[in-house]
Amino acid sequence: PKATGYSIRFVLNPDSYKYYLSTGESRSSRLPYIRAAAKRLNALGYYNPSDSLSGYWDNQPAAGEETSYTEALAQAVTKFQVMNDISNTGAIGSQTWSALFNDSAKVMVSDAEYEQALADYEARKTQRAEAKEQMDQLTIKASSTASKGAMNLTWSSSSAVLDINSVQIDGYELWKSTSKSSGWQLLKSTTGKKFKNTSNIKKGTRYYYKVRAYREIGGQKIYSPWSNVTYKIAK
């Protein structure tokens, strides 16, 4: 309390939604984020803001140097998002922050390699959009029965507008809880349409279950709506 001055250090929070940068943003509270993003993208080979970088990274950049989120930086971010399979908006949200400051962040490649990466990215984006349209049309119906020490789950998928045989489903996620409104946890991923739950079953406890289908494209899952919630009391 009696100190006459304070040393303040700015700590980045890659998961923060508060600092969602957009082109032209230059408020002083966000400049450290802009510079951190630019510095990281420079290190990964996506961006070079000036011929003399040292002043740009300082708190007081030289006259004429960038102090806002420029179009050039947005273009660098877009390329980074393509390379790391993130929605390529050119703006930095929490997902991009997390990837940008992760050890597995991908470095920029040659122009020819990037063009191929972009083509692959656009193909995946189209496939995901088509898969989402199909998944959104699915209806999953789940049911359950109780037997001694086990809960038996079955489910089916249907669509009022699509030929269900034409819909590619890569698998189903089965979720479980002891409360209908909270505490849901993933119990099983499976390609089948039935499952016998024998682990962590306590006689007299009511167990709730719900199911959703998914299609996986490029490591990302596109989900159907949830099924109805089915429940039984364990025997």
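The values are calculated or read from the model by the stated rules, or taken from the named source; none is laboratory data. Values in this document were obtained by computation on a predicted structure and should not be read as measured data. Here the Cβ positions follow ideal geometry from the backbone for every residue, glycine too, while neighbour counts run over all protein chains shown. We work out accessible area using only protein heavy atoms, side chains counted, and drop any ligands, DNA or RNA first. Shrake-Rupley method; radii C 1.70, N 1.55, O 1.52, S 1.80 Å.
Kindly establish whether Tyr69 is closer than 25 Å to Met108 by Cα, in contact with a strand residue (DSSP E or B) (Cβ under 8 Å, 6 or more places away or on another chain) and modelled with pLDDT of 85 or more. Judged against the criteria, Tyr69 is a match. Hey, can you tell me all the residues within the stretch 194-232 that are within 15 Å of Leu138 (Cα to Cα), more than 20 Å from the chain's Cα centre (by Cα) and either surrounded by fewer than 19 Cβ atoms within 10 Å (Cβ to Cβ) or charged (D, E, K, R) (or both)? Once the filter is applied, which keeps residues that are within 15 Å of Leu138 (Cα to Cα), more than 20 Å from the chain's Cα centre (by Cα) and either surrounded by fewer than 19 Cβ atoms within 10 Å (Cβ to Cβ) or charged (D, E, K, R) (or both), the stretch 194-232 yields Lys210, Asn228.
Of the residues making up the stretch 171-193, those that are polar (S, T, N, Q) and surrounded by 12 or more Cβ atoms within 10 Å (Cβ to Cβ) are Ser177, Thr178, Ser189, Thr190.
For (1) in contact with a His (Cβ under 6 Å, 6 or more places away or on another chain); (2) without any contact (Cβ under 8 Å) to a residue 40 or more places away in the chain; (3) of a type outside the set (Phe, Trp, Tyr), each residue gets a yes or a no:
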| residue | (1), (2), (3) |
| --- | --- |
| Tyr69 | no, no, no |
| Ala72 | no, yes, yes |
| Ala91 | no, no, yes |
| Trp97 | no, no, no |
| Ser110 | no, yes, yes |
| Leu118 | no, yes, yes |
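When residues in the stretch 125-168 are screened for being charged (D, E, K, R), open to solvent by 60 Å² or more (accessible area, probe 1.4 Å) and assigned to a helix (DSSP H, G or I), 5 of them pass.
Here the stretch 79-114 is the region considered, the condition is being open to solvent by 40 Å² or more (accessible area, probe 1.4 Å) and hydroxyl-bearing (Ser, Thr, Tyr), and the residue that is farthest from Gln220 (Cα to Cα) is Ser110.
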